[in-house]
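Notes to accompany the following structure.
The values are calculated or read from the model by the stated rules, or taken from the named source; none is laboratory data. In this text, all values refer to a predicted model and were calculated from it rather than measured experimentally. Quick reminder, even Gly has a Cβ in these numbers, built from the backbone with ideal geometry, and neighbours come from all protein chains shown.
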Amino acid sequence: MNNHINKLSRRFFLTISTAALIVACNSVSNEQSTTQNTEGQIGGQVNIYSSRHYNTDDQLYEGFTEQTGIKVNLIEGKDDELIERIKSEGANSPADILITVDAGRLWRAEQAGIFAPVESAILTEKIPSHLRHPENLWFGYSKRARVIMYNKDKVNPAEIATYEDLADPKWKGKVLVRSSSNIYNQSLVAGMIEEKGEEATVEWIEGLVANLARPPQSNDTGNIEAVAAGIGDLAIANTYYLARYEENPEVFDKVGVIFPNQENRGSHVNISGAGMLANAPNREQAIALLEYLANVEAQEFFALGNNEYPVVEGTPLNPVVESFGNFKEDTTNVSSYGKNNADAVKIMDRSGWKYSHHSKLYEKFSRFSSFYKCFVGRWYGGNFVTSRSQISFVHCLPASRASNCCRENIFYWYSTT
Ligand SMILES: [Fe+2]
């Protein structure tokens, strides 16, 4: 059995490939743009580094070029890789704008010193102050709400109203979350630290971890599917992930949305955002793009590309997003998520909200075979603890038995492929 596992884990690590940046569309140039000024247009070009890659983006940038005469050159990549790339390109970077998701990542970019402030009356007027950097280093262009999702067959939504309720012992063994390494959860916890302080947040995490249906794992999509499949009753996830299941009633019809904390601070929101880079060679064009993205027409494409919420009032919502209902949002400045990020990670790890090595192994095994399986381990200090020798497939269960239970500190954990 151990050999089998070793072989599997070797395969697992071999499949982790270094993710290369996807170079899309046009190549960028670091030459200064030449201003063309035909018919009052600005002309020239703007170089965007973006972690967005949605179908509506082409139309978004085409509209900008039409209106301003500015050609858009786009490089797409993963968020943190783009930040690293801009850092390493330094003064020679052709990048004018960075577009990325999560205020925590915008903060990382800000800490790396790559943004320059933009003073624009248009942006400060149109974008609510809690959704942009206090010194205008970056601006939020779409909102994502991180909410509680529930299995409609198992949960009466009137029974749960707040993030704090997820720590109520009545939900023991029912809650699904992804790991603390994920920036969305880090920002959720950072926001709670900002409003309730560290002590209250630690208490909440400890209660939440004690209620988990399985060790923190997967992603928002995986946890939504697990709610639909009844592996847990409740999950923390962003609404746009559920919107993606609109055409899939097996999931969409089984999962409901609760916007938490409507009676007090409101639901946690995060942003996709953009800022102008300190070494931007095309500053005028960069500012024109940032202002363009705050137009209602651009907002529609920007937000709807990923079923998110626009930040500028008067922008129509996607009907699926609208079907989740209106909600009161938390207006803590999203820049606090980055500021409190290190503290959030520290207390999440200390309190057991972790993605363990064993979770990784388990996910690998789950994908490997079509049988239901089980790990044997222990809940210890909020962590699911096994050693390699303890990991074994002890049962193959029929689908109807897929569940988890705790017996005398031994945790049996079943899942499907
Ligand atoms: Fe996402």
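The figures follow:
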{"quantity": "Cβ-Cβ under 6 Å pairs, at least 6 apart or on other chains, the stretch 210-224 side closer than 9 Å to VAL177 by Cα and in a strand (DSSP E or B), far side away from the ligand (no atom under 16 Å from the Cβ) and at pLDDT 90 or above", "calculated": "LEU212/VAL175"}
{"quantity": "Filtered residue count, the stretch 286-319, keeping only those that are within 16 Å of the ligand (Cβ to nearest atom) and either closer than 20 Å to GLY275 by Cα or among the hydrophobic types (A, V, I, L, M, F, W, C) (or both)", "calculated": "7"}
{"quantity": "ILE205 being under 21 Å from PRO157 (Cα atoms), of a type in the set (A, V, I, L, M), in contact (Cβ under 8 Å) with a residue 40 or more places away in the chain and away from the ligand (no atom under 16 Å from the Cβ)", "calculated": "no"}
{"quantity": "Of all residues in the stretch 241-265 being under 19 Å from ASN185 (Cβ atoms) and in a helix (DSSP H, G or I), the one that is farthest from the ligand (Cβ to nearest atom)", "calculated": "LEU242"}
{"quantity": "Only listed residue being assigned by TED's automatic domain parsing to the domain that holds GLY230 and more than 23 Å from VAL312 (Cα to Cα), chosen from ALA109, ALA91, ALA95, ALA158", "calculated": "ALA158"}
{"quantity": "Residue satisfying all of: in the stretch 124-164; among the acidic types (Asp, Glu) and touching a residue at least 24 places away in the same chain (Cβ under 8 Å); nearest to the ligand (Cβ to nearest atom) among these", "calculated": "GLU164"}
{"quantity": "Restricting the stretch 220-240 to residues that are hydroxyl-bearing (Ser, Thr, Tyr) and crowded, with 21+ Cβ neighbours inside 10 Å, the residue that is farthest from the ligand (Cβ to nearest atom)", "calculated": "THR239"}
{"quantity": "Condition check for GLU322: among the charged types (D, E, K, R) and within 20 Å of HIS53 (Cβ to Cβ)", "calculated": "no"}
